[in-house]
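Taking it in order: structure first as C-alpha cells, then the write-up.
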Number of protein chains: 2
Amino acid sequence: MDNSKIVTAAVLLIGDEILSGRTKDANSGWIAERLTEMGIDLKEIRVVPDDEPVIVDALNALRARYTYIFTTGGIGPTHDDITADAVAKAFGVGIDYHPEAVAALREIFHGDRLNEARLRMARIPFTADLIVNEASKAPGFRIGNVHVLAGVPKVMQSMFRAVAPLLETGPKMLSETILANAKEGDVGTPLGEIQKRHPDVSIGSYPFQDEKGYNTNLVIRSRSADALAAARAEVETMLEHVKVTVSA
Amino acid sequence: MDNSKIVTAAVLLIGDEILSGRTKDANSGWIAERLTEMGIDLKEIRVVPDDEPVIVDALNALRARYTYIFTTGGIGPTHDDITADAVAKAFGVGIDYHPEAVAALREIFHGDRLNEARLRMARIPFTADLIVNEASKAPGFRIGNVHVLAGVPKVMQSMFRAVAPLLETGPKMLSETILANAKEGDVGTPLGEIQKRHPDVSIGSYPFQDEKGYNTNLVIRSRSADALAAARAEVETMLEHVKVTVSA
C-alpha cells in the first residue's frame with residue numbers, strides 16, 4: 001500500500017429496470033461499502049439505460065477519470081444484454097466467443113441446452129481477462145481499468161470478491177459517527193468552525209427523525225487517526241456546550 | 001399532453017454518505033417510480049460527492065441533456081450543505097437570503113433559534129422559485145429546468161409532490177410483466193426474435209432465484225397499448241412452446 005496514493009472508483013449501473021423504478025438498486029450500496037473498507041474512494045455512481053451509445057459514452061467518461069470502474073448488469077443471455085458489446089466499442093476492440101468461457105458454460109449446459117442465447121454469455125471483448133467466480137459459470141471480465149460484473153446481486157458479489165484481491169488500494173478512510181442528541185440547526189455554526197480548524201478531516205451532518213423527534217448523526221472521516229481523534233474531541237466538547245445552551 | 005413529445009429527466013444525488021455506503025439511497029428509486037407513472041422518462045441517475053466543482057460540472061452536463069433535473073441533498077443548515085451555492089455557480093447567478101424563505105423559517109424558529117446555521121437554508125440562487133412544501137418550512141427551489149430537493153426522504157417527497165403538477169409530461173410508458181416460468185437462457189433466442197418483430201416495444205428479461213429455483217420476469221414496455229398487446233400475445237405463445245420443449 002502506497003500511503004500517498006488515493007485510489008478512486010466509479011460504479012456504472014446498466015439497466016432500464018432501475019431507471020423505471022421497477023428494480024431497486026442494492027448493488028451500488030454494497031459495492032460502496034466494500035470499496036470504503038478496502039481504501040478505495042468511490043467518487044461517482046451512474047445509472048444508464050440499455051442503450052449502447054449511452055453506455056459507451058459513460059464508460060469512456062468514467063474510465064478516463066477514475067482508477068477503477070465497476071459495471072453491473074447487461075451480461076446475461078438475452079437480447080437486452082448489451083454490456084459486453086458496449087465495452088468492446090468503448091475500448092475499440094473486437095469481441096468473440098472466449099474458449100474458456102464457452103468451456104465453463106459447457107460444464108453445466110449439456111448438448112442443446114448450451115444454445116445460442118446462453119453462448120452469448122461467452123462473448124468477451126478481445127484482451128479482456130475473465131472474472132471466474134463461484135456463483136456462476138458465466139464469467140464477468142476486466143479490461144483496462146473496467147470490471148464488468150453481473151446485475152444479479154449474488155453473482156455480482158461473487159465476481160467482486162474474485163477481483164477484489166487484484167485491486168490496488170490506498171490508505172483507508174477512517175470514520176466515526178457521533179449521535180449529536182441535538183437538532184442539526186443547533187450545531188451547524190460551531191460544527192462549521194470545527195471543520196475549518198480541521199481541514200484534514202471531513203465532517204458530515206446527517207439529520208434524521210425517530211420516535212423521540214429530530215436528531216443528528218455527525219460523521220467524522222479522515223485517513224489520519226490522529227486528525228480524526230482531535231476533531232472528535234472538539235465535536236464532543238461542542239456538543240456538551242450546545243446541550244447546556246439548548247436546555248437553558 | 002402532447003403525444004409526440006418525449007419528456008426526459010435525470011436525478012442527481014448529492015452526498016458523500018451515499019458514496020461511502022453509509023447511507024443507502026432510497027430517493028432515486030422513489031423518484032423513478034413517480035416519473036414513470038407521470039409519463040416522464042428517467043434517463044440517468046448520478047451520485048456525486050459534496051464537492052462544489054464536481055456538482056457544478058454534473059449539473060451543467062445533465063441540464064443541457066434532459067428536460068428536467070431533480071437534485072436531492074445538500075440544502076440543510078450545516079457547512080457540508082453546498083448544493084444551493086453549486087446551483088448558483090452552474091447557472092452563473094448570485095445567491096442571497098430569500099425574504100420569503102426567511103419569513104417561513106421565522107414561523108417556526110423564534111428569536112435566537114433562527115441562527116446563522118438555519119438561515120443558510122434561506123439562501124436561494126437569484127431567479128429561482130421556492131418549492132414550498134408541507135413537510136418543512138425550509139423550501140426547495142427550482143431554477144431553469146433544475147429542481148433542488150432535500151435529501152431526507154419525507155421532505156424530498158413532499159417537495160416533489162409540490163412541483164409535480166408544474167411538470168410537462170409525455171405519453172405514459174405502459175408496462176406489463178409476465179412470469180416466464182422458464183430459465184432466461186431457454187427463452188433468450190425466441191425472445192430476441194420477438195423483440196426484432198416488435199420495434200415499438202421494449203422487452204426486458206430479468207432473471208431471479210426463489211425457493212423453487214431460477215425463473216425469469218419478462219417486462220414488455222411501450223407507449224402504445226396495441227403494440228404492447230401484440231407483443232405480449234407472441235411472448236405468451238412462445239412461452240407455451242418453450243415449456244413443452246423443456247419438459248419433453
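None of the figures in this text is laboratory data; all of them are computed from the coordinates on show. Note that this is a predicted model, so its numbers are computed, not measured. Please note: Cβ atoms are built from the backbone with ideal geometry, for glycine as well, and neighbour counts cover all protein chains shown.
A compact table of results
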read-out	value
Cβ neighbours within 10 Å from other chains - mean over B:181-187	5
Full-stretch length increase - residue B:110, residue B:177 - with 0.36 nm per residue and alpha-carbon distance subtracted	18.8 nm
Shape metrics for region A:1-42, restricted to C-alpha atoms - Rg then Dmax, Å	13.5, 42
Pairwise FRET efficiency - residue B:240 versus residue A:164, Cβ, R0 = 60 Å, nearest 0.05	0.85
Normalised per residue, the volume of the convex hull around the Cα set of region B:174-247 (Å³)	72
Relative contact order %, region B:99-248, counting alpha carbon pairs below 8 Å whose residues are six or more apart	17
Residue-averaged beta-carbon neighbours from other chains (10 angstrom radius) around A:28-35	5
Stokes-Einstein translational diffusion, region A:196-236 - Kirkwood Rh over all Cα pairs, 0.890 mPa s, 25 °C, in µm²/s	220
At 7 Å out from Cα toward Cβ: residue B:215 inter-copy label distances (nm, ascending)	4.0
Whole-Å semi-axes of the protein assembly as shown's equivalent ellipsoid (Cα gyration tensor)	44, 28, 19
Whole-Å distance, taken between Cα centres, linking region B:155-229 and region A:3-71	23
Computed helical MRE - 222 nm, chain A, DSSP H runs ≥ 4 contributing -39500 (n - 2.57), nearest 500	-12500 deg cm²/dmol
Added length on full extension, which subtracts the Cα-Cα distance from 0.36 nm per residue, residue B:6 to residue B:37	9.8 nm
Across the identical copies, how the residue A:113 labels are spaced - nm, sorted shortest first, 7 Å along Cα→Cβ	6.7
Cα-Cα P(r), region A:49-170, percent of pairs per 5 Å interval	2, 12, 22, 25, 22, 11, 4, 2, 0, 0
Order of B:149, A:179 under a 10 Å beta carbon neighbour criterion, fewest first	A:179, B:149
Per principal axis, descending, Cα span of region A:134-221 in whole Å	55, 34, 16
Gyration tensor (Cα) of region B:1-78, equivalent ellipsoid semi-axes in angstrom	25, 15, 9
Three principal axis lengths of region A:102-248 [C-alpha, angstrom, descending]	79, 35, 19
Directionally averaged shadow of chain B, computed from the convex hull of its alpha-carbon atoms, nm²	16.6
Over 19 Å (Cα to Cα) - which of A:24/B:43; B:43/B:183; A:154/B:183; A:5/B:89 fall in this group	B:43/B:183; A:5/B:89
FRET efficiency estimate (nearest 0.05) - Cβ-Cβ, residue A:233 to residue A:132, R0 45 angstrom	0.40
Cα-centred dipole magnitude for region A:8-166, charges only on beta-carbon of K, R (+1) and D, E (-1), debye, nearest 20	280
